[in-house]
Amino acid sequence: MNAVITKKDSKITGESLRQGLTSSKILIIIPAYNEELSISHVIQDVKTHCPAAHILVINDGSKDRTREVAEANGASVITLPTNLGIGGAMQTGYRYAHRYGYDVAVQVDGDGQHKAEQLHLILAPVLSGTADLAIGSRFIEQTGFLSSASRRAGIKILSTIVSAMTHKRVLDVTSGFRAANKRAISVFQSDYATDYPEVDSIVLIHRSGLRTSEVAVIMDARTGGKSSINAVRSVYYMIKVTLALFIRSLKATKPVEVQS
């Protein structure tokens, strides 16, 4: 099952969500590579809007002061000895969440594009039990920062491929703003693509027998640092992800069973 939820629909927050936010053990994973200019704002934004959550910054081999700034702002930090990319950083976070028994793991990127004031939107489907993985989508309501025209075209192509593979409509397949419950955490801590894993992980969740949900969000342009995807890498990304999805379709995947 894949649900598409608008911001109007997502006002199912209510008392059950408020209780979930206080009673659930939530880990905010912030992958960061050379994000010293934005990481302080990201951490403080999360603290303001989700104060009960534990914040874990995965310092992905940064060459700047990302670690020092993150620690100074009160976040826990795991520093990787070399740059592993977003997949390696996030799998580190998911393994931490799995080891220490978190109920929900949320990815918030370290570049400032994800708004912590919208955390409740992606947490709602997971805490209510209607989804194992909730994805914040820019393209449900087409508002806010939507990336360049060329990248939107690439996302649309990948969205078509993923939707065909999962038999479900998925709009924002590259969004990293997402919340995962224990079942999804269990899958990701053992199997997560190294490079640009967001697209592959949606197919993985589907093949594991789990449920996804897309929720309308608004994203900002990055507040600091530099994107790792330029025009040349965009073409490389499209080719690599398409091949990875084909390989994923050939792999046997067992449905996951995790005790609540």
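So the values come out like this:
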quantity: When residues of the stretch 8-39 are limited to those that are assigned to a loop (DSSP other than H, G, I, E, B) and β-branched (V, I, T), the one modelled with the lowest pLDDT; calculated: I12
quantity: The one condition in (1) part of a loop (DSSP other than H, G, I, E, B); (2) within 18 Å of I43 (Cα to Cα) that Q118 fails to fulfil; calculated: (1)
quantity: Residue that is surrounded by the most Cβ atoms within 10 Å (Cβ to Cβ) [pool: residues in the stretch 213-240 that are at pLDDT 75 or above and touching an Asp or Glu at 6+ places or on another chain (Cβ under 7 Å)]; calculated: E214
quantity: Count - residues of the stretch 148-157 that are in contact with a Leu (Cβ under 8 Å, 6 or more places away or on another chain) and open to solvent by less than 60 Å² (accessible area, probe 1.4 Å); calculated: 0
quantity: Members of the stretch 52-75 found to be under 19 Å from A105 (Cα atoms), in a loop (DSSP other than H, G, I, E, B) and modelled with pLDDT of 95 or more, listed by number; calculated: A53, D60, G74, A75
quantity: Qualifying residues in the stretch 158-193 (those that are among the β-branched types (V, I, T), farther than 20 Å from R99 by Cα and within 14 Å of the chain's Cα centre (by Cα)) - the one least open to solvent (accessible area, probe 1.4 Å); calculated: V173
quantity: Residue that is closer than 27 Å to I43 by Cα and among the hydroxyl-bearing types (S, T, Y), where the choices are T92, T166; calculated: T92
quantity: Pair list, Cβ < 6 Å and 6+ apart or interchain, from the stretch 163-189 residues that are without any contact (Cβ under 8 Å) to a residue 40 or more places away in the chain to residues that are open to solvent by 10 Å² or more (accessible area, probe 1.4 Å) and outside any loop (DSSP other than H, G, I, E, B); calculated: V173/S159; T174/I155; T174/E198
quantity: Test: residue in the stretch 131-141 that is surrounded by 20 or more Cβ atoms within 10 Å (Cβ to Cβ), in contact with a His (Cβ under 8 Å, 6 or more places away or on another chain) and part of a loop (DSSP other than H, G, I, E, B); calculated: no
quantity: Test for R95: is it touching a residue at least 40 places away in the same chain (Cβ under 8 Å) and either crowded, with 16+ Cβ neighbours inside 10 Å or more than 27 Å from P51 (Cβ to Cβ) (or both); calculated: yes
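The values are calculated or read from the model by the stated rules, or taken from the named source; none is laboratory data. Note that the structure is a prediction, hence the values are computed from the model and not measured. In this analysis, Cβ positions are derived from the backbone assuming ideal geometry, glycine residues included, and neighbour counts consider all displayed protein chains. Surface areas here come from the heavy atoms of the whole protein model, side chains and all, with no ligands, DNA or RNA. Shrake-Rupley method; radii C 1.70, N 1.55, O 1.52, S 1.80 Å.
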